[in-house]
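Input: a single structure, listed below in structure tokens.
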Amino acid sequence: MSKVAIHNLGKYFGAPSTNAVPALQGVNLTVDEGEFVTLVGASGCGKSTLLRILAGLETHTSGSVECNGLPIEGPGADRAMVFQHYSLYPWLTVMQNIKFSRRLKVKRENLTSSDVEAASGRADALLDLIGLSKVADAYPNQLSGGMQQRVAIARALMGKPAMLLMDEPFGALDAQTREVMHDLILHIHRIEKTTIVFVTHDVDEAIYLGQRVVLMQPRPGRIHSIYPVHLPKARDQEMKHSSEFRVLKAEILARIRESSGMATDQELLDKLCRTEAIG
């Protein structure tokens with residue numbers, strides 16, 4: 001069963017009469033229920049734009065995009081997004097940040113005491129899941145970057161969304177913290193069984209996390225290739241040193257260079273360096 005169905009999707013920035021810029025063109029993609037899909041590609045290939053369309057934060061110009069058979073026409077409770085910047089409320093504690101969505105009027109309508117109790121239990125369970133129970137009463141400025149992003153993920157999961165959209169959520173973290181977060185999000189995916197679409201520039205990250213890696217190319221943004229990742233579901237960091245991992249990484253990197261024109265740029269740079277060396 002497909003959770004997401006994207007057909008011939010196009011997105012232009014600007015009015016057609018003013019030389020509109022095509023950001024996406026002819027994008028076709030399905031994402032199955034419970035699948036973890038990663039999007040990679042050179043800057044400007046439309047990865048984040050596509051993710052924002054899935055979130056309902058951007059409109060598309062042509063084609064169609066559906067979630068659970070219904071057209072996406074705006075934000076919805078069935079989808080939650082995690083950004084690179086944590087966007088926590090500094091005046092709220094960890095627990096209050098996680099529960100924030102429950103304070104919104106739309107979430108309080110027809111709320112019963114059992115609903116309130118269930119929400120409290122859900123917040124406690126998420127705190128345990130992300131390993132931050134001991135800092136439930138701390139404020140964001142008392143937490144590391146990795147801890148803040150854990151809180152942002154828990155907040156996104158609070159409403160039990162069917163789909164989690166993640167836009168380079170670990171891009172601002174150091175390499176060691178990023179590895180910890182990789183294993184955490186895989187653990188969360190196993191427990192919550194949420195469909196995840198994850199944007200990244202890091203090919204290692206894309207392969208390690210994804211069940212499929214979708215490679216996009218720029219000018220205009222479109223899908224170049226899709227790579228199934230034939231690694232065990234239970235993953236560990238040592239897998240990154242396996243021959244299967246290295247071969248797939250090399251192929252994807254080569255395709256990124258080729259599809260974005262980076263290979264040509266590198267040839268020109270090499271030629272320039274050789275000319276300078278001769279001079």
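Only one entry of Leu173, Leu157, Leu132 meets the criterion of being closer than 20 Å to Cys67 by Cβ and of a type in the set (A, V, I, L, M, F, W, C), and that entry is Leu157.
Residues that are at pLDDT below 90 and assigned to a strand (DSSP E or B) within region 1-31 comprise Ser2, Lys3, Phe13, Val21, Pro22, listed in sequence order. Against the list (1) over 16 Å from Val199 (Cα atoms); (2) of a type outside the set (Gly, Ala, Ser); (3) buried (at least 17 other Cβ atoms within 10 Å of the Cβ); (4) out of contact with any helix residue (DSSP H, G or I) (no Cβ under 8 Å at 6 or more places or on another chain), the condition Leu9 fails is (4). Is region 215-230 home to any residue that is out of contact with any Ser or Thr (no Cβ under 9 Å at 6 or more places or on another chain), among the hydrophobic types (A, V, I, L, M, F, W, C) and free of Cβ contacts under 8 Å to residues at least 12 places away in the same chain? No: zero hits.
Within region 60-85, the set of residues being under 30 Å from Leu143 (Cβ atoms) and either over 18 Å from the mean Cα position of the chain (by Cα) or surrounded by fewer than 21 Cβ atoms within 10 Å (Cβ to Cβ) (or both) comprises Pro75, Gly76, Ala77, Asp78, Phe83, Gln84, His85.
The residue of region 35-46 that is surrounded by the fewest Cβ atoms within 10 Å (Cβ to Cβ), among those that are modelled with pLDDT of 95 or more and of a type outside the set (Val, Ile, Thr), is Glu35. Would a scan of region 193-212 turn up a residue that is farther than 22 Å from Ser259 by Cβ, surrounded by fewer than 16 Cβ atoms within 10 Å (Cβ to Cβ) and of a type outside the set (Phe, Trp, Tyr)? Scanning region 193-212, I find at least one residue that is farther than 22 Å from Ser259 by Cβ, surrounded by fewer than 16 Cβ atoms within 10 Å (Cβ to Cβ) and of a type outside the set (Phe, Trp, Tyr), so the answer is yes. Could you tell me whether any residue of region 48-55 is in the same structural domain as Leu215 (by TED's automatic domain parsing) and at positive phi? Taking every residue of region 48-55 in turn, none turns out to be in the same structural domain as Leu215 (by TED's automatic domain parsing) and at positive phi. None of Gln149, Gln217 is crowded, with 20+ Cβ neighbours inside 10 Å, over 23 Å from Cys67 (Cβ atoms), more than 15 Å from the chain's Cα centre (by Cα) and at pLDDT below 95 except Gln217. Scanning region 96-117 for any residue that is of a type in the set (A, V, I, L, M), modelled with pLDDT of 90 or more and not in a loop (DSSP other than H, G, I, E, B) turns up at least one such residue. Taken over region 41-60, the criterion of being in a loop (DSSP other than H, G, I, E, B) and closer than 17 Å to Val21 by Cβ is satisfied by Ala42, Ser43, Gly44, Cys45, Gly46, Glu58, Thr59, His60. Cβ separations smaller than 9 Å between residues 6+ apart or across chains give the following pairs from region 159-188 residues that are farther than 20 Å from Leu126 by Cα to residues that are among the aliphatic types (A, V, I, L, M) and at pLDDT 90 or above: Asp167/Leu51; Asp167/Ala55; Asp167/Met81; Asp167/Val82; Asp167/Val199; Glu168/Val199; Leu173/Val180; Leu173/Met181.
Could you tell me whether any residue of region 161-169 is crowded, with 19+ Cβ neighbours inside 10 Å and touching a Pro at 6+ places or on another chain (Cβ under 7 Å)? For region 161-169, residues crowded, with 19+ Cβ neighbours inside 10 Å and touching a Pro at 6+ places or on another chain (Cβ under 7 Å): absent. For region 242-273, the candidate set comprises residues that are polar (S, T, N, Q) and surrounded by fewer than 15 Cβ atoms within 10 Å (Cβ to Cβ); within that set, the residue that is modelled with the lowest pLDDT is Thr264.
The values are calculated or read from the model by the stated rules, or taken from the named source; none is laboratory data. Keep in mind that what you see is a predicted model, and the values were worked out from it rather than measured. Virtual Cβ from ideal backbone geometry, glycine too; neighbours counted across all protein chains shown.
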